[in-house]
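**Student:** After the structure tokens below, expect a handful of questions from me.
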């Protein structure tokens, strides 16, 4: 599937699994592993370690129902630990310290390039397109005179993290398409989507910025970080959905169960399993997952090849 820039209208994203929890791997040694049958676990055969992209401040509590559901369908104890940043999650997956991961598309490719052995099984579906994905948005303060990404020239621009799909890779694509290179603006790395949007809304540290659409329209305002009307979207691009990926080292029967359940899981499935969800989770998870495989992310690989100056694309 080749990348085609989107001009679809602004809608809230059904961003599943993406913005929550992940394993802390900074400074950690390789995880101890326990084998069971033909499989190997990050911790032991009764436990699954789940890692997720730490892209918003309140992600951990919001996405707990996913961890609970994984435990229900597998019969395993599920441990979820936050990572300090995107790079820590990548390294944890390479080191075998997680069994299942909700990557972003870009962190998945980076982890694969570094030797992580994971297979995507499903990704969250956008409510407006009904396809696995969400939107990266270019934003400015509501009072700004900037009308398009070309207007970011000479400005202090907020990004999320150099490993973020919708907070760096696609923003770099938008800027490049507008004729700007990295010397034409001053980058500010906010660390999380909600912080990037907040700094842009306040017009303090950033005069323009980028964040995932769900943050701009829903999570930031809900958390009281800013009001939706404080920001203006000047461009957006559709991003392949964050893959829920399963370690190739797990036993075959467990991998089959995870693929069967997590490739098409919906909010109803989670509630029917007796798991309590929050309004924020229901909003984010939306239509649930659709099946994806590694080839679904070939457009991101192509995009990296078009952006040779993006150092975090190395090896992809």
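**Student:** Can you pull out every residue in region 95-144 that is closer than 30 Å to residue 204 by Cβ, surrounded by 23 or more Cβ atoms within 10 Å (Cβ to Cβ) and touching a strand residue (DSSP E or B) at 6+ places or on another chain (Cβ under 8 Å)?
**Tutor:** 134, 135, 136, 137, 138, 139, 140
**Student:** Among the residues of region 194-207, count how many are closer than 20 Å to residue 150 by Cα, in contact (Cβ under 8 Å) with a residue 40 or more places away in the chain and crowded, with 24+ Cβ neighbours inside 10 Å.
**Tutor:** Of the residues in region 194-207, 4 are closer than 20 Å to residue 150 by Cα, in contact (Cβ under 8 Å) with a residue 40 or more places away in the chain and crowded, with 24+ Cβ neighbours inside 10 Å.
**Student:** Can you give me the ranges of the strands (runs of 3 or more DSSP E) entirely in region 53-142 with at least 1 residues that are under 15 Å from the mean Cα position of the chain (by Cα)?
**Tutor:** The qualifying strands (runs of 3 or more DSSP E) are 100-102, 118-124, 133-141.
Table: residues versus (1) free of Cβ contacts under 8 Å to residues at least 40 places away in the same chain; (2) assigned by TED's automatic domain parsing to the domain that holds residue 63; (3) closer than 24 Å to residue 56 by Cβ.
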site: 253; (1), (2), (3): yes, yes, no
site: 257; (1), (2), (3): no, yes, no
site: 269; (1), (2), (3): no, yes, yes
site: 275; (1), (2), (3): no, yes, yes
site: 281; (1), (2), (3): no, yes, yes
site: 296; (1), (2), (3): no, yes, yes
site: 307; (1), (2), (3): no, yes, no
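**Student:** Here's something else I'd like to know. Could you check residue 289 against (1) more than 28 Å from residue 112 (Cα to Cα); (2) within 21 Å of the chain's Cα centre (by Cα) and say which number it fails?
**Tutor:** It is condition (1) that residue 289 fails.
**Student:** Given the conditions (1) on the phi > 0 side of the Ramachandran plot; (2) in contact (Cβ under 8 Å) with a residue 24 or more places away in the chain; (3) in the same structural domain as residue 89 (by TED's automatic domain parsing), and given that residue 124 satisfies all but one, which numbered condition is not satisfied?
**Tutor:** (1)
**Student:** For the subset of region 269-288 comprising residues that are outside any loop (DSSP other than H, G, I, E, B) and modelled with pLDDT of 95 or more, which member is farthest from residue 105 (Cα to Cα)?
**Tutor:** 272
The values are calculated or read from the model by the stated rules, or taken from the named source; none is laboratory data. Please read all numbers here as calculations on a predicted model, not as lab measurements. Glycine gets a Cβ as well: all are built from the backbone with ideal geometry, and neighbour counts include every protein chain shown.
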